[in-house]
Amino acid sequence: MDGFLVLDKPAGLTSHDVVARVRRLLRLKKVGHTGTLDPFATGVLPIALGEGTKAIPFLDESHKAYRAVMRLGEATDTQDLTGQVLSHGEWHHLTPDHVEAVARLFVGTISQVPPMFSALKRDGVPLYKLARQGAEVERQPRNIEIFSLDLDRIDLPDVAFSVVCSRGTYVRTLAADMGERLECGAHLRELRRTRSGPFVLADAVTLEQLAEAAVSGELESLVVSPLAALSHLPELQLTERGAAKVGNGIVPDADDLESGRDKMLHSGQVCLSHGGRLVAVAEAEVEDSGRDAQIRHLLRVFN
């Protein structure tokens, strides 16, 4: 079984826990995940199966979407409800207009310092392990993109919001930074991911639904093929001879392309397919005409 499952992760499990359960349930060795979710968070967790694990580096997860609830007036060490309260701040003087004005300041390209309670590593050690030991290390700020930030409900001290952001954004930190700008502190109470690249909540299934599908024989209908998952890349179809060559690690030539040369292309990564199946991801060079592609080298071959 090869491809991706879109899991609706429950609260209380780590992303690694979910992978372990799927591995046991489906009796597969090659299972992975993309885009880690915090244990308290729920929602879209893409799970790669079999050859799908090879496609992870080529996924387009540049856009992610979340629904969240932050509580004003309390800052925690983890920036969410699982942490210890570090400080209390006065929020009663705040108005919805004031909160909305501050939220608008965070739309666009902003600088964000990753939290200590994160999976980022320092000298091979995850920061969250250092944080649990009471250590604090310097983290360099990095630019992220907040494409949209909408306040769905303001029931102070709680504020529910929806955000579409770039990969690498910590929504916990976004909430904490808004709380700091409001001079009262804040932390996340709820976090639900509704989109991770091409994978959306509408297609997600729970672990219980996955178990039922495995028993009823409907599992295949839930799997997104590697080719479909990489639909953001141009697709070039191979002849049977071309597919055989690529399967043996040989770069195909122009005569090995069955179709695709009639499409406008751009130099860069492409999917090579045969019979509706992903054969490889390759690097292509396209002439100025935008129609003649030459495969320069194979990036990953799929069985």
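The values are calculated or read from the model by the stated rules, or taken from the named source; none is laboratory data. Computed from a predicted model, the values in this text were never measured in an experiment. With ideal geometry, Cβ positions are generated from the backbone for all residues, glycine too; neighbour counts draw on all protein chains shown.
What to note about this one:
- For the stretch 213-253, taking the residues that are closer than 29 Å to A293 by Cβ and of a type in the set (D, E), the one that is nearest to the chain's Cα centre (by Cα) is identified as E235.
- Condition check for A202: in a helix (DSSP H, G or I), modelled with pLDDT under 95 and more than 30 Å from G89 (Cβ to Cβ): no
- For the stretch 45-68, the condition of being more than 23 Å from S231 (Cβ to Cβ) and either in contact with a Pro (Cβ under 7 Å, 6 or more places away or on another chain) or outside any strand (DSSP E or B) (or both) holds for none of the residues.
- A residue that is assigned by TED's automatic domain parsing to the domain that holds H88, among the polar types (S, T, N, Q), under 24 Å from F40 (Cα atoms) and in contact (Cβ under 8 Å) with a residue 12 or more places away in the chain occurs somewhere in the stretch 138-156.
- Strands (runs of 3 or more DSSP E) (entirely within the stretch 80-183) containing at least 3 residues that are surrounded by fewer than 15 Cβ atoms within 10 Å (Cβ to Cβ) and hydroxyl-bearing (S, T, Y): none
- Any hit, the stretch 5-15, residues being among the polar types (S, T, N, Q) and at pLDDT 95 or above: no
One line per residue, one yes/no per condition, for (1) under 20 Å from R189 (Cβ atoms); (2) touching a Gly at 6+ places or on another chain (Cβ under 8 Å); (3) of a type in the set (S, T, N, Q):
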| residue | (1), (2), (3) |
| --- | --- |
| K129 | no, no, no |
| Q140 | no, no, yes |
| F147 | no, no, no |
| D150 | yes, no, no |
| A160 | yes, no, no |
| R167 | no, yes, no |
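- V163 fulfils the conditions (1) at pLDDT 95 or above; (2) touching a helix residue (DSSP H, G or I) at 6+ places or on another chain (Cβ under 9 Å); (3) under 15 Å from L37 (Cα atoms) except for a single criterion, (3).
- Only listed residue being surrounded by fewer than 22 Cβ atoms within 10 Å (Cβ to Cβ) and modelled with pLDDT under 95, chosen from K29, K54: K29
- Any hit, the stretch 188-195, residues being on the phi < 0 side of the Ramachandran plot, in a helix (DSSP H, G or I) and surrounded by 14 or more Cβ atoms within 10 Å (Cβ to Cβ): no
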